[in-house]
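Only one structure is covered here, and it is reproduced in the block below.
The values are calculated or read from the model by the stated rules, or taken from the named source; none is laboratory data. These numbers come from a predicted model, not from an experiment. Cβ atoms come from the backbone with ideal geometry, glycine included; neighbour counts cover every protein chain shown.
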Amino acid sequence: MSPLLSGALALTLGAYAVAMLIALWRVLRGPTAQDRVLALDMIYVIAMLIMLVLGIRHASDLYFEAALLIALFGFVGSAAMAKFLLRGEVIE
């Protein structure tokens, strides 16, 4: 791996870590439930992006499959939380 690519990947992972900390702060201190749900959505998207960057860094397909699972479970969790906030129940 070239030094330029290695540095770019390290910088990207650092930026994602900062973004995840900011989103975690919003989850803990969000004024409304909708802000907290949106921050959780952001956290799972950032986690998926981190897995993709790690897949590029280690040249492994396993990270890409894990990113796909994070995206699927994150979508289902977001849909369940949105339904809960709208109706007060998840299962009808």
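Here are some notes:
- Residue in region 1-14 that is modelled with the lowest pLDDT, counting only those that are aliphatic (A, V, I, L, M) and surrounded by fewer than 13 Cβ atoms within 10 Å (Cβ to Cβ): Met1
- When region 55-76 is filtered for residues that are touching a residue at least 24 places away in the same chain (Cβ under 8 Å) and closer than 23 Å to Val18 by Cβ, the ones remaining, listed by number, are Ile56, Arg57, Ile70, Ala71, Gly74.
- Counted residues, region 41-92 - those being part of a helix (DSSP H, G or I), under 24 Å from Leu28 (Cα atoms) and among the charged types (D, E, K, R): 3
Matching residues to (1) within 13 Å of the chain's Cα centre (by Cα); (2) surrounded by fewer than 17 Cβ atoms within 10 Å (Cβ to Cβ):
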residue: Ala23; (1), (2): yes, no
residue: Ala33; (1), (2): no, yes
residue: Val37; (1), (2): yes, no
residue: Tyr44; (1), (2): yes, no
residue: Leu62; (1), (2): no, yes
residue: Phe75; (1), (2): yes, yes
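- If you go through region 58-88 and keep only what is of a type in the set (Lys, Arg) and more than 22 Å from Asp35 (Cβ to Cβ), you end up with nothing.
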